[in-house]
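Okay, structure first, notes after.
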Amino acid sequence: MALDVAALSSCTRCRLSATRTRVVIGTGPNDAVLLLVGEAPGRQEDEGGAPFIGRSGQLLFTLIEEEVGLSREQCYVTNTVKCRPPANRTPARDELEACRPWLEAQLAELAPRVTLALGLTAAREVLGATLSMSAVHGRARHLGDATGIATYHPAAALRDPALVAVMRADLRVVRTFLEAS
Ligand code: URA
């Protein structure tokens, strides 16, 4: 199913539509080889309309540039839910389910070589991960013909700088799969 951008832009499938400023669909080229999936838009994203435009995005794209060799403009970037949860709480199960068809449409349309889930919410939604991030990060999984990998959310690495080295190592796994495919 092709992504219906007009329908997504006016989506009211869940309660987040009542409190959002904008639907944050995603940014990047449709032929991106790397798809990044975060958790949910934050305040800056809700106002600016693009994912990861705050501090965690700065860290994320610095690390991706350095370890994977891709710029933000070369990646497609989105979130498990497209609307900001109030006070940046974790999206609720029914909100994730309501938004899942949009993410599935993006995955089908983009058909990236590697999908990188950022944080446990994305790892659960995209990779079906059931364990903790410490158990699942950096391990490649089959996503159809493509590869799925999870790493820590950059906001976690801003709180705990020791995680930056772990993210770098996970991103080198991403690079290996991109180079091999
Ligand atoms: N955190 C996320 O998970 N996504 C964003 O777009 C911004 C912050």
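The tail of the calculated P(r) for the stretch 10-58 beyond 15 Å holds 49 percent of all Cα-Cα pairs. Extension gain for VAL164-GLU109 works out to 16.7 nm (0.36 nm per residue, less the C-alpha to C-alpha distance).
Rounded to two decimals, what is Rg over Rh for the stretch 114-177 when you use alpha-carbon atoms and the Kirkwood radius? The partial results should precede the final answer.
Working: Rg = 10.9 Å, Rh = 11.5 Å.
In the stretch 114-177, Rg relative to Rh is 0.95.
Scaling against 2.2 N^0.38 Å puts the C-alpha radius of gyration of the stretch 19-109 at 1.05.
If the viscosity is 1.306 mPa s and the temperature 10 °C, what Stokes-Einstein diffusion coefficient in µm²/s follows for the stretch 60-99 when Rh is the Kirkwood radius over Cα pairs? Working shown, then result.
Values: Rh = 12.2 Å.
It comes out at roughly 130 µm²/s.
Once backbone amide H atoms are built at 1.01 Å from N, GLY42 has PHE52 as its partners under 5 Å, excluding neighbours fewer than 5 places away on the same chain.
Counting alpha carbon pairs within less than 8 Å and at least 6 residues apart, what relative contact order, in whole percent, applies to the stretch 45-169?
Working: 127 pairs, mean separation 27.5, N = 125.
Computed value for the stretch 45-169: 22 percent relative contact order.
Rounded to the nearest Hz, the phi-derived 3J(HN,Hα) couplings of the stretch 96-104 under the Karplus curve 6.51 cos²θ - 1.76 cosθ + 1.60 (θ = phi - 60°) are 4, 5, 4, 8, 4, x, 5, 5, 5, where x marks glycine and proline.
Computed log10 I(q)/I(0) for the stretch 41-155 at 0.13, 0.19 Å⁻¹: -0.49, -1.15, from the Debye equation with unit scatterers placed on every C-alpha and solvent omitted.
In sequence order, the stretch 77-84 has phi-based couplings of 10, 8, 9, 5, 10, 8, 10, 5 Hz under the Karplus curve 6.51 cos²θ - 1.76 cosθ + 1.60, θ = phi - 60°, and Gly or Pro positions carry x. Rounded to the nearest Hz, the phi-derived 3J(HN,Hα) couplings of the stretch 149-159 under the Karplus curve 6.51 cos²θ - 1.76 cosθ + 1.60 (θ = phi - 60°) are 9, 10, 9, 5, 5, x, 5, 5, 6, 5, 7, where x marks glycine and proline. Annotation: amide H of LEU36 within the under-5 Å range of TYR76, VAL77, THR78, LEU116, sequence separation 5 or more or interchain, hydrogens built in the peptide plane.
Quick note: the coordinates plus some simple rules give every number you see, no bench work behind them. What you see is a predicted model; the values in this text were computed from it and never measured.
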